Amino acid sequence: MKSYFLAGAGALLLGACVGTPTPLPETTALERASQPTGPYRTLAYEDPFRGYERHQPSGPGSWRGVNEQQQGGHH
């Protein structure tokens, strides 16, 4: 219990020794970037399924036929 108290007191003491806080970043540049005007390219909608082809399962084939296809028809 004492060690928690000492750790907390140490953190408070170190925090009190810190100088002036760092200033916040300038936000005007961020505001300019969020404006819709300017030399920005326009983004057009692209269909995520463009070029998609539907495939139907053909069912299980015989193992012998599949193996022969993989081997090139050689025994």
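Quick check on this structure: which one of Glu46, Glu53, Glu68 is at pLDDT 85 or above and surrounded by 10 or more Cβ atoms within 10 Å (Cβ to Cβ)? If you could, list the steps in order and put the result at the bottom.
On the way: Glu46 fails: surrounded by 10 or more Cβ atoms within 10 Å (Cβ to Cβ); Glu53 fails: surrounded by 10 or more Cβ atoms within 10 Å (Cβ to Cβ).
After applying the criteria, what remains is Glu68.
Can you say whether Tyr40 is of a type in the set (Phe, Trp, Tyr) and at pLDDT below 80, as far as the supplied structure shows? Even if it seems obvious, please write down each step before you answer.
Details: of a type in the set (Phe, Trp, Tyr): yes; at pLDDT below 80: yes.
Criteria met by Tyr40.
Going through the range 23-37 one residue at a time, which ones are β-branched (Val, Ile, Thr) and modelled with pLDDT of 75 or more? Quick ask: steps written out before the conclusion?
So the first thing to find is which residues in the range 23-37 are β-branched (Val, Ile, Thr), and the list is 27-28, 37.
Matches in the range 23-37: Thr27, Thr28.
The values are calculated or read from the model by the stated rules, or taken from the named source; none is laboratory data. If you're wondering where the values come from, they're calculated on a predicted model, not measured in any experiment. Every residue, glycine as well, gets a Cβ built from its backbone with ideal geometry; the counts of neighbours run over all protein chains shown.
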